[in-house]
Amino acid sequence: MDAGTWALVLAAGEGKRLRSLTTAPSGLAIPKQYCALYDGPSLLHEALDRARSIAGNAHICTIVAEQHRRWWQPQLHSLPRENVIVQPANRGTAIGILLPLLHVLARDPAATLVILPSDHHFRHEQTVAAAMAQALEQLALHPDEILLLGLAPDGPDTELGYVLPGASDGCGALRVERFIEKPGPVQALELLRAGALWNVFILAARGAALLELFRRRIPAVVDRLSAAVCADPAATGEWRTLAALYEDLPVVDFSSDILAGQEARLRVLPVAHCGWTDLGTPRRVEQVLRSTQRSQPAPCERARQGYLSLAEQRERLSRGAASAPRAEAPAAG
């Protein structure tokens, strides 16, 4: 494990498409990353464990939302306080990466980062860990480039993003031709035939190289956020400045607004099948629950702590639908 490697876990999303499963019986909607798939740790805890395969605990950071404090505060006590970076509002995935990136670079200008979403499920975690380690090795050969992990599609899914790869770089990765977000059915089939990979939003990069991508696209935002960031994200003065700044920041998407058009700086690393899903919709959660066995209780303090279980939610909703009275068919005339 390289001492210069940092892991950044993205945990500030709202998960609106999964609200039907993440709304508790009380009516309270809980962001999916703070829920559990079965009885064990939350999805956030699973992402933190994933991060520990490539970085020490002192080098694991997470970006969270202020409005989610009631959920992330009890779940992140294992991380150093300065590694929990709170954003005042949602300004898109690009800003959600840029803010913690600036915090890490303020502490370690030579940092290498692996960026991980907190709402993914992998049936074979060892495969993912090996792929992340391989991506970090690639950076030693291409320190100025960004390495994306790409998965061979199981089928033409129209709700996911794709990476169309180009020629091999001779070192195990492929050049990136372009990105395609949520293609239609016909285009999705064409992408499969062309060898496109699913973009799982896991990437590895030197912090300075990643920051350069942002500077090329949104230099004014980078300058303004840089001026507001100090080494301690919990500093009172910085929080007030940041909250005021966020009121005026644009919404920026990382894939379409930052990566697209800068493909020459990108590489994609094909990953073996590992049973991945982003748990983005009830349909995908249903697929995972049907294909996996019920997990064993997690050890120590991460055993069931009252996290909302998506499996139990599905069962509860199914029982409710089955017991609902059916409308009578109109009498024949």
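Computed from the coordinates by the stated procedures, all read-outs in this text should not be read as laboratory data. In this text the structure is predicted, and so the values were computed from the model without any measurement. All Cβ positions, glycine included, derive from the backbone under ideal geometry; neighbour counts span all protein chains shown.
Quick check on the chain: of the DSSP beta bridges with both residues there, what percent are antiparallel, nearest 5%?
Within the chain, antiparallel bridges account for around 50 percent of the total.
For labels at residue 39 and residue 14 in the simple 7 Å Cα→Cβ model, what's the distance in nm?
3.5 nm
What percent do you get for the relative contact order of the chain when only Cα pairs under 8 Å and 6+ apart count? Don't skip to the end; give the middle numbers.
Working: 594 pairs, mean separation 87.7, N = 333.
After rounding, I find 26 percent.
Can you work out the Karplus-derived ³J(HN,Hα) for every residue in region 68-75? Use 6.51 cos²θ - 1.76 cosθ + 1.60 with θ = phi - 60°, whole Hz, and x for glycine or proline.
Result, rounded to whole Hz: 9, 3, 4, 9, 7, 4, x, 8.
Inverting the mean 1/r over all pairs of different Cα atoms, compute the Kirkwood radius of region 1-121 and quote it in Å. Let's see the in-between values first.
Numbers: mean 1/r = 0.0681 Å⁻¹.
Radius from the Kirkwood sum: 14.7 Å.
Which cross-chain or sequence-distant (5 or more) residues have an amide H under 5 Å from the amide H of residue 146, H modelled 1.01 Å from N in plane?
Here the answer is 266, 267, since their amide H atoms fall under 5 Å of that of residue 146.
From the backbone phi of region 43-56, what are the Karplus-calculated ³J(HN,Hα) couplings (6.51 cos²θ - 1.76 cosθ + 1.60, θ = phi - 60°) in whole Hz, Gly and Pro given as x?
4, 5, 4, 5, 5, 5, 4, 4, 5, 5, 6, 10, 8, x
How big is the charge dipole of region 141-282 about its Cα centre, in debye rounded to the nearest 20, if each Lys and Arg gets +1 on its Cβ and each Asp and Glu gets -1 on its Cβ? Please list the in-between numbers first.
Working: 12 positive and 19 negative charges, 64 e Å.
So the dipole magnitude of region 141-282 works out to roughly 300 debye.
Assign unit charges at the C-beta atoms only (+1 for Lys and Arg, -1 for Asp and Glu), then state the dipole size of region 98-170 relative to its Cα centre in Debye, rounded to the nearest 20.
Numbers: 2 positive and 10 negative charges, 39 e Å.
So the magnitude is around 180 debye.
Taking the Cβ-Cβ separation of residue 141 and residue 281 as r and a Förster radius of 45 Å, what is the calculated FRET efficiency to the nearest 0.05? Kindly include the intermediate steps, with their values, before the conclusion.
Numbers: r = 37 Å, r/R0 = 0.83.
E between residue 141 and residue 281, to the nearest 0.05, is 0.75.
Given the DSSP H assignment, sum -39500 (n - 2.57) over each helix run of at least 4 residues in the chain and divide by its residue total; what's the result at 222 nm in deg cm²/dmol, nearest 500? Each step should come with its number before you reach the end.
Details: 11 runs with 118 residues, N = 333.
-10500 deg cm²/dmol, from helical runs alone.
Hey, if you put +1 on the Cβ of every Lys and Arg and -1 on every Asp and Glu Cβ in the chain, which of 92, 114, 26 ends up farthest toward the positive end of that dipole?
The residue sitting most towards the positive pole is 26.
Roughly speaking, what is the stretch gain from residue 240 to residue 134, that is 0.36 nm per residue apart minus the C-alpha to C-alpha distance, in nm to one decimal?
So the extension gain works out to 34.1 nm.
Skipping prolines and chain starts, which residues have an amide H placed within reach, meaning under 5 Å, of the one on residue 160, given they are 5 or more residues away or on another chain?
Under 5 Å from the amide H of residue 160 lie the amide H atoms of 182, each far enough along the sequence or on another chain.
Once fully extended, how much extra length lies between residue 227 and residue 106, figured as 0.36 nm per residue of separation less the alpha-carbon to alpha-carbon distance? Don't jump to the answer; show the numbers that get you there.
Values: separation 121, 0.36 × 121 = 43.56 nm, distance 1.10 nm.
Here the segment from residue 227 to residue 106 would lengthen by 42.5 nm.
Using label points projected 7 Å from each Cα along Cα→Cβ, tell me how many nm separate residue 123 and residue 23, to one decimal.
3.1 nm
Below 8 Å between Cα atoms, with a sequence gap of 6+, how large is the relative contact order for region 1-103 in percent?
Values: 137 pairs, mean separation 32.8, N = 103.
This gives 32 percent for region 1-103.
How big is the equivalent ellipsoid of the chain along its three axes, where each semi-axis is √(5λ) from the Cα gyration tensor, reported in whole Å from largest to smallest? Could the numbers behind the result be given before it?
Numbers: eigenvalues 212, 133, 82 Å².
Sorted largest first and rounded, they come to 33, 26, 20 Å.
In degrees, nearest 10, range 0 to 90: what is the angle between the Cα axis of helix 92-107 and the longest Cα principal axis of the chain?
40 degrees
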